[in-house]
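Reading through the structure tokens given below for one structure.
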Amino acid sequence: MSADEILVCVSDDIGIRTWLERCLQGEWHIEFVGSSDLSRISRLVEAARTRMVMVAADDADPERALRVIRFIASSDEELAVVGLVRRVSQDFLLRSMRAGARDCFIASSDGEEARDRIRELLAHTPSLARAGGGHAQNRIVLVTGARSVVDSRFFAQNLVFNTHFFHPDEQILGLDTASDDRHAFYLDSNNRLALQDLIRNPESLDSALIETALEEYLPGLRFLAGQLSIGQDGDQENTDLFIALSQLSGLFDRIIVNVDAAVADFWINTVGIRAAELVMVMHPIVEQAHEARRRLDSWKERLAPDCRVSFLLDGYEKKGVPPVGDLEKAVGVPILGTLPLDWGTRMMAMNAGLPLHRLPGKSAYQKALQKILQERVARETERSGEGERRVAKA
């Protein structure tokens, strides 16, 4: 078992949710969803690629839980479905087993005993096809800033273009959470759809919609505006965003997301478990280094265990700033690289609505970014080769 395996819990009871989170002790990631919308439950189960679904029963209305158990168990007989109750009820236990549940937990029982029973159930539950490779692998890169004054948007935009340059055969999506309309990033482009539209109509999200509603900026490269209005209904919004990003992950080889610093906690808490990489962009300022470390430390439990975490220094000049090594110690994660200020070129690119590589003349920013990515691609290729050699020896 590993912390990147996701369990799903259908529950409207805050007390049961709190008990379950405390009980799991981080051994498994848990996604919660309310019981009122069966289609949302079904989409979350699919998106999470889970092997276990827990369904909490309300003492005043146990029939609702039984309907959910019956619905989930009938949709996939290989899923381990478990009931959750506050107190023992022989009648509910028998009826839940008939509906398809494999076990029933009491939400006041010993945590160690519950974890042992979960391990036992998962040990006898096959690894489902959706939990395997292919498009199911984590492929999301999250880019955010240490503070709102850091323009992670410009870096993310150019990271998308340069990633496309090094991986021309892949389908790549650039998603900008700072866009307040259908114009993603600083580009002079417009799409018929924004992320909010996909979240409202998840059943319509497929390859045909992407091909018709998201125009290719370049062959294999598309952009999407992703600013969301985060309201009071946090659980539902978390679930809907998680489902949408999981669906998009099945349609693209890589998704690079500029996460506005103001909503970074929400995004990391929601889709961090799906992230292959997290890049924290900051200026070479000690105060920002401390803030970057605070934020990264607070997100550790919400990221996939194998997520690569690094930071990037933007606007770096050798004179008058702390040494890179000191900043790396302060942040506590490896440095991805440094980018020069190159303010004139940036302004020209933003105001023209064009990527850097389409501007006349040479850009120090573009040159430095390409060097960073070239070194990263070389490291990835080396790691991939080592993995293939290990498999061959085995």
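A few notes on this one:
- Angle in degrees between helix 38-48 and the longest Cα principal axis of the chain, rounded to the nearest 10: 60 degrees
- Debye-formula intensities of the chain, expressed as log10 I(q)/I(0) at q = 0.08, 0.09, 0.13 Å⁻¹, are -0.47, -0.59, -1.11 (one equal scatterer per alpha-carbon, no solvent).
- Approximate spin-label separation A368-V149, in nm, with each point projected 7 Å along Cα-to-Cβ: 1.8 nm
- Per residue, the chain exposes 47 Å² of accessible surface when a 1.4 Å probe is rolled over the protein heavy atoms with every protein chain present.
- Between H357 and V88, the simple spin-label model (points 7 angstrom out along Cα→Cβ) gives 6.7 nm.
- Counted by Cβ distance under 10 Å from R153, the other residues give a net charge of -3, where Lys and Arg count +1 and Asp and Glu count -1.
- For region 2-45, diffusion coefficient by Stokes-Einstein and Kirkwood Rh (Cα), 20 °C, 1.002 mPa s, µm²/s: 196 µm²/s
- Heavy-atom accessible area, probed at 1.4 angstrom with all protein chains present, ranks V286, V309 as V286, V309, highest first.
- Protection proxy ranking of 355-366, 317-328 - average other beta-carbon atoms within 10 Å, highest first: 355-366, 317-328
- Between region 275-312 and region 160-180, the Cα center-to-center distance that results, in Å: 21 Å
- MRE, 222 nm, helices only [DSSP H, n ≥ 4, -39500 (n - 2.57), over the chain, to nearest 500]: -13500 deg cm²/dmol
- Residue with peak Gaussian network fluctuation, the chain [Cα springs, cutoff 10 Å], from G174, G353, G250: G353
- At an R0 of 25 angstrom, the distance between the Cβ atoms of A60 and A123 translates into a FRET efficiency of 0.10.
- Region 47-128 shape via C-alpha gyration tensor axes, a/c threshold 1.5: oblate
- Spacing of the two label points (7 Å from each Cα toward its C-beta) at E375 and I14, in nm: 4.8 nm
- Between helix 62-75 and the chain: long-axis angle, C-alpha atoms, 0 to 90°, nearest 10: 60 degrees
- V309 sits among other residues whose Cβ lies under 10 Å from its own Cβ, and their net charge, with Lys and Arg +1 and Asp and Glu -1, is +1.
- Surrounding net charge for R86, when Lys and Arg each add one and Asp and Glu each subtract one, Cβ distance under 14 Å: -3
- Table column - 3J(HN,Hα) (Hz), region 7-13, Karplus curve with 6.51, -1.76, 1.60, x for Gly and Pro: 9, 10, 10, 9, 7, 9, 9
- Angle in degrees between helix 152-166 and the longest Cα principal axis of the chain, rounded to the nearest 10: 90 degrees
- Within the accessible area of the chain (1.4 Å probe), percent carbon and sulfur: 48 percent
The values are calculated or read from the model by the stated rules, or taken from the named source; none is laboratory data. From a predicted model like this one, the values you see are computed outputs, not experimental measurements. Using ideal geometry, Cβ is built from the backbone for each residue, glycine included, and neighbour counts are taken over all protein chains shown. Keep in mind that these areas ignore ligands, DNA and RNA; they rest on the heavy atoms of the full protein, side chains included. Shrake-Rupley method; radii C 1.70, N 1.55, O 1.52, S 1.80 Å.
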